[in-house]
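A short write-up of the structure that comes next.
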Amino acid sequence: MATTSNYALRLLSSLKAEAEKVAAAEGTTLNQLINVAVAEKLAALRTEQYFKERAQRSDLSAFDQFLETAGDEPPRKPGHGPLYISSDLSRLNFPGQIPSFDTSSSTP
């Protein structure tokens with residue numbers, strides 16, 4: 001089990017009230033909502049940093065050479081190639097949606 005620590009968080013009253021509404025609508029606690037929001041923000045910042053570092057290691061001339069070796073065949077029709085991605089987007093999370101988490105086994 002993960003260790004936890006306490007931190008007195010000062011939120012604007014209006015922000016806290018809105019966060020409480022969202023947490024209630026999601027069937028979770030304000031604490032869990034804040035934990036998820038912080039985790040998502042940290043993941044976004046780390047991802048941004050990763051891509052910045054990765055871009056610095058890039059070799060654009062090697063990429064241009066790679067593109068020159070690409071075939072001249074037209075793109076495959078959806079469903080007829082190994083890289084087809086389903087158009088069923090119902091399982092995806094989009095910005096503005098907060099994922100639901102099972103907190104029944106968590107301790108506050």
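Side notes on the structure shown:
- Of all residues in the range 36-75, exactly one satisfies the criterion of being within 14 Å of the chain's Cα centre (by Cα) and of a type in the set (S, T, N, Q), namely T47.
- Residue among S86, S58, S105, S90 that is modelled with pLDDT of 85 or more and outside any helix (DSSP H, G or I): S58
Residues are listed down the side, and each one gets a yes or a no for (1) assigned to a helix (DSSP H, G or I); (2) in contact (Cβ under 8 Å) with a residue 40 or more places away in the chain; (3) surrounded by 13 or more Cβ atoms within 10 Å (Cβ to Cβ); (4) on the phi > 0 side of the Ramachandran plot:
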residue	(1), (2), (3), (4)
T3	no, no, no, no
L15	yes, no, no, no
V22	yes, yes, yes, no
K41	yes, no, no, no
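- Hits in the range 24-39 - residues which are in a helix (DSSP H, G or I) and farther than 19 Å from N6 by Cα: A24, A25, E26
- Here L45 meets the list (1) at pLDDT 80 or above; (2) farther than 28 Å from T4 by Cβ almost entirely, failing just condition (2).
- Flag for L11 being free of Cβ contacts under 8 Å to residues at least 12 places away in the same chain, loosely packed, with under 10 Cβ neighbours inside 10 Å and aliphatic (A, V, I, L, M): no
The values are calculated or read from the model by the stated rules, or taken from the named source; none is laboratory data. Please read all numbers here as calculations on a predicted model, not as lab measurements. As a convention, Cβ positions derive from the backbone with ideal geometry for all residues, glycine included, and neighbour counts pool all protein chains shown.
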